[in-house]
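Enquirer: The structure under discussion is supplied below as structure tokens; questions concerning it will follow.
The values are calculated or read from the model by the stated rules, or taken from the named source; none is laboratory data. As the structure is a prediction and not an experimental result, all values here were calculated from the model. Virtual Cβ from ideal backbone geometry, glycine too; neighbours counted across all protein chains shown. SASA here: full protein model, heavy atoms, side chains in, ligands and nucleic acids out. Shrake-Rupley method; radii C 1.70, N 1.55, O 1.52, S 1.80 Å.
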Amino acid sequence: MPRRVCRRTGSSNCQRSESVRSCGTCSQLTDLRAATGALRTADIPWVVAKGPVASEVLWPSPDMREYYDLDVFVHGSRFPAALATLEDAGFTLADHNWALIRKTMRAEVALIGPAGTHLDLHWDIAVPKQLRRAYRTDPAGMLERRVEVQFSSGDVVPTFDAVDTVHHLAFHAAQAGANRLMWLGDLHFATHRLGFDPVELRRRCLAARTAVPVVLVLERVSRVSGAPMPPGLSARRGRVWSHLAARRDHRYEFPGLPHDRSIGGGLYASARGSLAGSGVELARQMVMARVHEARVRRHGSQPRALSADIGGERGRRDYLAAVTEVAGGSRATRRG
């Protein structure tokens, strides 16, 4: 069972705090309540992370951090049931290209809530298949360690524990280039939250092989906020990459303007467990970016590929069966 913690103090006796904004009628909260009721009724273990939790639990006041979508995580073995449960609750698919989803084995499917909120349903924090090959993420363990938090509205929802919250936020930020000040703010407050243990974070990162990207992002948080790094966190294999990122931030002050090529996002997104691996990944990403830019110059912006209705019901069944198989294999590997 998830533990109950207070949004500010971490105490077991959580008191409802007064909301500084009226969230009772906003679409995000309406759709979060719809998802909460549906998944609880179906007895599917789940958590919500990032936006609403950062706003309500991490930042000093909810009106300091906006969010527009919801990120929900379930175990892969329950992913088909969770998807069907949300659809029965009025959520509709935003992704229809089951052929592409099956081919790439993305660990998320996008939906739109009854009130219009975008919801990503995940079965792993590493969405692309190649990331799950590079890292040993533990979505089952993260779900088992979940805790409940109470929002200023009085809503109680499950989320990752304090350590997994930092782990997930830093890992996600790294893959996206660590180039949004809001993400760095999330991590600044998350690492100062009661219950966060940097030693435990290091242990979990080493187990998941995510220490280099996580430490790299936390170092940028420290440079931007001026707060010291959490004690005991370092990534020996990432020293060269860490030095490159620090030099880039020193040369080109962060944050910069949107789409500024000098903000060094590629260094964070390509960070791997070894210098050679990071270099190869950076080269791969640079080539892919150039190919994409050339395609856009020739043909213009293309429609979102995942929105195309390709693959149909058979493609959906094949993908969901593959997710269940992957989840079962991961569980067996951990037992072994």
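Enquirer: Once neighbouring chains are kept in place and the probe is 1.4 Å, which whole percent of the accessible area of the chain is contributed by carbon and sulfur?
Expert: 53
Enquirer: If Lys and Arg each add +1 and Asp and Glu each add -1, what is the summed charge of the other residues whose beta carbon sits under 14 Å from the beta carbon of residue 314?
Expert: +1
Enquirer: Whenever you get a sec, line up 217, 240 from highest to lowest accessible area (probe 1.4 Å, protein heavy atoms).
Expert: 240, 217
Enquirer: Could you give the longest part of the chain that holds none of the GluC sites (Glu not before Pro) found in DSSP loops with at most 12 neighbouring Cβ atoms within 10 Å?
Expert: Answer from the scan: 67-252.
Enquirer: Working out 0.36 nm times the residue gap between residue 225 and residue 176, then minus their Cα-Cα distance, what length gain in nm do you get to one decimal?
Expert: Full extension of this stretch gives 15.7 nm more.
Enquirer: Between 304, 239, 204, which gets the highest mean-square fluctuation from a Gaussian network model of the chain, Cα cutoff 10 Å?
Expert: 304
Enquirer: Output wanted: per-residue J couplings in Hz (rounded whole) for region 280-285, from phi through Karplus 6.51 cos²θ - 1.76 cosθ + 1.60, θ = phi - 60°, x for Gly and Pro.
Expert: 5, 5, 4, 4, 4, 5
Enquirer: Using a Förster distance of 41 Å, how high is the FRET efficiency between residue 42 and residue 64, based on the Cβ-Cβ distance and rounded to 0.05?
Expert: E(calc), rounded to 0.05, equals 0.75.
Enquirer: At 1.4 Å probe size, with every protein chain present, just tell me what the per residue accessible area of region 189-245 comes to in Å².
Expert: Dividing the accessible area of region 189-245 by its residue count gives 51 Å².
Enquirer: What does the net charge come to around residue 31 if you take all other residues with beta carbon closer than 14 Å to its beta carbon, with K and R at +1 and D and E at -1?
Expert: Charge balance near residue 31 sits at -4.
Enquirer: Quick one: net charge of residue 122's neighbours, Cβ under 11 Å, K/R +1, D/E -1?
Expert: Net charge in that neighbourhood comes out at -2.
Enquirer: What nm distance separates the two modelled labels at residue 280 and residue 199, each placed 7 Å from Cα along Cα→Cβ?
Expert: If labels sit at residue 280 and residue 199, their model points lie 3.6 nm apart.
Enquirer: Ok, one more. Can you compute the modelled spin-label distance between residue 192 and residue 307, with each label point 7 Å from Cα toward Cβ, in nm?
Expert: Using points 7 Å along Cα→Cβ, the separation is 4.0 nm.
Enquirer: Give me the extension gain from residue 325 to residue 115: residue separation times 0.36 nm, minus the current Cα-Cα distance, reported in nm with one decimal.
Expert: 72.3 nm
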